[in-house]
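Peer 1: Just passing along the structure, written as structure tokens.
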Amino acid sequence: MEVTVQCCKQSKNDPFDDNDSENGTLLPGLPDDLAQRCLSSLSPSLLFSVCHSWRRLLYSPSFPPFFSLYALLSPLHNPTMALPREVVPQSTIVFFSFDPISSSWRPLPSPPQNPSFHLLRRHPSFLSRNLPIQSLTVSNHLIVIAATTQNLFPALSSPLVFHPESNIWFYGPQISAPRRWCAAGSAQDVVYMASGFGFHYQGDVARSLEQWDLNKKRENWGWENKAGLKDGRFSREAVEAVGCRGKLCMVNVKGNALKEGAVYNVGLDKWEDMPVGMVAGWNGPAASMDEDEIYVIDEVKGRLSKYDGEKDCWVKVIELEQLKRAEHIAAGRGKICAVSAKGERIIVVDVRDKPTRFWEVEPPCGLEVVAVHVLPRMI
């Protein structure tokens, strides 16, 4: 199944009149609190389509939030349409959320501008190369952890964090050595940052591993040093550290190039060799589903595969032309969301459906996708 969505607005042919059920109860004969408990078990798409009072309930702060797609986006080189004035970026990255129920994009609030916030996607000296902007989701927070400035220095001295359910941005604890081109990931609501390249190459930074535990109270947040890598080979590219079953798995080079892998055992604070079959099939962007299963897309073949730890092999889920040259993926709620080549669209694959279904989501006009995440909708 294929769906394309573009800068959606409310249709003039809305089946509901604006005054429909304006003062009505949710369910005749029941108080609203009891009616809400009954309606909360229904599909959000059904609540959205029946009547305005149910639609208002769906988007009210008291209703359990459904999950949405969050995207980091960058202006196109030569957009065919001008960006709306309210979303013209002060930096080269903007943040949007895609509501899967109304099929519409909505900009996130502007990030704080103090200190100055500027994440560079392209540099005039490197026209053919996109600079990495590393982000992840942890404990229902969107976290931007590493990027590059105009002078090719690390852009963030502290992680930039967005919490959808409170609709606010804030900064996390200060990083001891700001960096870019690092390995970043999470496991058990703990953020990990390994290796990387700071203002200048430093061997101790390139071999380091630090963690930030979001399980702690905010006043106790901070970065802690953990067991370091044996060398600095993971500072060459920005890579995903994929958390799965108490371990962080990562490879040091993207794509189909010859690479080496490493596995960090969270409980033992110890680095291990990556299984041979795992590193051999890690040929593109990877993500974990609920920290229980690892998925990877072979960016040449467009093949989505799941790792089988018992047999140390990758099992094919689906192969699609649309997944070729995938640049980034996210996993959540039984779906794999992949950024297609050059950020032109997002391919969503429902891996829990048999047969496997997929559809497409187009980014807002004039923007291309850098990365995607799955989080609760904004309140």
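Peer 1: Test each condition in (1) open to solvent by less than 20 Å² (accessible area, probe 1.4 Å); (2) over 17 Å from the mean Cα position of the chain (by Cα); (3) not aliphatic (A, V, I, L, M) for Cys337 and report the one that comes out false.
Peer 2: The failed condition is (2).
Peer 1: Could you run through segment 317-327 and say how many residues are open to solvent by less than 30 Å² (accessible area, probe 1.4 Å) and touching a residue at least 40 places away in the same chain (Cβ under 8 Å)?
Peer 2: Adding up the residues that qualify gives 2.
Peer 1: If the requirement is being within 21 Å of Ala331 (Cβ to Cβ) and over 24 Å from the mean Cα position of the chain (by Cα), which of these qualifies: Pro285, Pro275?
Peer 2: Exactly one residue qualifies, and that residue is Pro275.
Peer 1: Pro109 is checked against (1) more than 27 Å from Glu362 (Cβ to Cβ); (2) open to solvent by less than 50 Å² (accessible area, probe 1.4 Å); (3) part of a loop (DSSP other than H, G, I, E, B) and fails just one. What number does that condition carry?
Peer 2: (1)
Peer 1: Ok, one more. Counting only residues that are open to solvent by 20 Å² or more (accessible area, probe 1.4 Å) and in a strand (DSSP E or B), which one in segment 266-291 is nearest to Asp231 (Cα to Cα)?
Peer 2: Trp271
Peer 1: For segment 202-224, enumerate the residues that are out of contact with any Phe, Trp or Tyr (no Cβ under 6 Å at 6 or more places or on another chain), in a strand (DSSP E or B) and in contact (Cβ under 8 Å) with a residue 24 or more places away in the chain.
Peer 2: Leu209, Asp213
Peer 1: Out of everything in segment 145-173 that is in contact (Cβ under 8 Å) with a residue 40 or more places away in the chain and open to solvent by 50 Å² or more (accessible area, probe 1.4 Å), what residue ends up being farthest from Glu293 (Cα to Cα)?
Peer 2: For segment 145-173, the residue satisfying everything is Phe153.
Peer 1: Of all residues in segment 297-316, count the ones that are open to solvent by less than 50 Å² (accessible area, probe 1.4 Å) and either free of Cβ contacts under 8 Å to residues at least 24 places away in the same chain or part of a strand (DSSP E or B) (or both).
Peer 2: Going through segment 297-316 one residue at a time, the tally reaches 8.
Peer 1: Separate question: Within segment 318-326, is even one residue within 19 Å of Ala238 (Cβ to Cβ), in a strand (DSSP E or B) and either in contact with a His (Cβ under 8 Å, 6 or more places away or on another chain) or modelled with pLDDT under 95 (or both)?
Peer 2: No, segment 318-326 contains no residue that is within 19 Å of Ala238 (Cβ to Cβ), in a strand (DSSP E or B) and either in contact with a His (Cβ under 8 Å, 6 or more places away or on another chain) or modelled with pLDDT under 95 (or both).
Peer 1: Applying the selection to segment 335-361, what residues are in contact with a strand residue (DSSP E or B) (Cβ under 8 Å, 6 or more places away or on another chain), closer than 26 Å to Arg121 by Cα and not in a strand (DSSP E or B)?
Peer 2: Once the filter is applied, which keeps residues that are in contact with a strand residue (DSSP E or B) (Cβ under 8 Å, 6 or more places away or on another chain), closer than 26 Å to Arg121 by Cα and not in a strand (DSSP E or B), segment 335-361 yields Ser340, Lys342, Gly343, Glu344, Arg345.
Peer 1: Restricting attention to segment 237-244, does a residue exist that is open to solvent by 40 Å² or more (accessible area, probe 1.4 Å) and farther than 15 Å from Ser186 by Cβ?
Peer 2: Within segment 237-244, one or more residues are open to solvent by 40 Å² or more (accessible area, probe 1.4 Å) and farther than 15 Å from Ser186 by Cβ.
Peer 1: Ok, one more. Condition test on Gly232, is it of a type in the set (Gly, Ala, Ser), in contact with a Gly (Cβ under 7 Å, 6 or more places away or on another chain), open to solvent by less than 30 Å² (accessible area, probe 1.4 Å) and farther than 18 Å from Val190 by Cβ?
Peer 2: Answer is yes for this residue.
Peer 1: Quick one: which residue in Ser68, Ser62 is within 30 Å of Asp350 (Cα to Cα) and at pLDDT below 85?
Peer 2: Ser62
Peer 1: On to the next question. State the number of residues belonging to segment 198-224 that are of a type in the set (S, T, N, Q) and either under 14 Å from Trp271 (Cα atoms) or surrounded by 15 or more Cβ atoms within 10 Å (Cβ to Cβ) (or both).
Peer 2: Residues meeting the conditions: 3.
Peer 1: Can you say whether Ile294 is in contact with a Cys (Cβ under 8 Å, 6 or more places away or on another chain) and either crowded, with 22+ Cβ neighbours inside 10 Å or part of a strand (DSSP E or B) (or both), as far as the supplied structure shows?
Peer 2: Spelling it out, Ile294 is indeed in contact with a Cys (Cβ under 8 Å, 6 or more places away or on another chain) and either crowded, with 22+ Cβ neighbours inside 10 Å or part of a strand (DSSP E or B) (or both).
Peer 1: What number goes with the only condition from (1) in contact with a Leu (Cβ under 9 Å, 6 or more places away or on another chain); (2) at pLDDT 95 or above that Glu299 does not pass?
Peer 2: The failed condition is (2).
Peer 1: Turning to a different aspect of this structure: How many residues are surrounded by fewer than 14 Cβ atoms within 10 Å (Cβ to Cβ) and either assigned to a loop (DSSP other than H, G, I, E, B) or at pLDDT 95 or above (or both) if we restrict to segment 124-138?
Peer 2: Of the residues in that region, 2 qualify.
Peer 1: Can I ask one more? I'm trying to understand the selection: among the residues of segment 245-260, which are outside any loop (DSSP other than H, G, I, E, B) and open to solvent by 20 Å² or more (accessible area, probe 1.4 Å)?
Peer 2: Once the filter is applied, which keeps residues that are outside any loop (DSSP other than H, G, I, E, B) and open to solvent by 20 Å² or more (accessible area, probe 1.4 Å), segment 245-260 yields only Lys247.
The values are calculated or read from the model by the stated rules, or taken from the named source; none is laboratory data. Just so it is clear, the structure is predicted and the values come from calculations on it, not from any experiment. In this analysis, Cβ positions are derived from the backbone assuming ideal geometry, glycine residues included, and neighbour counts consider all displayed protein chains. With ligands, DNA and RNA removed, areas are computed over all heavy atoms of the protein, side chains included. Shrake-Rupley method; radii C 1.70, N 1.55, O 1.52, S 1.80 Å.
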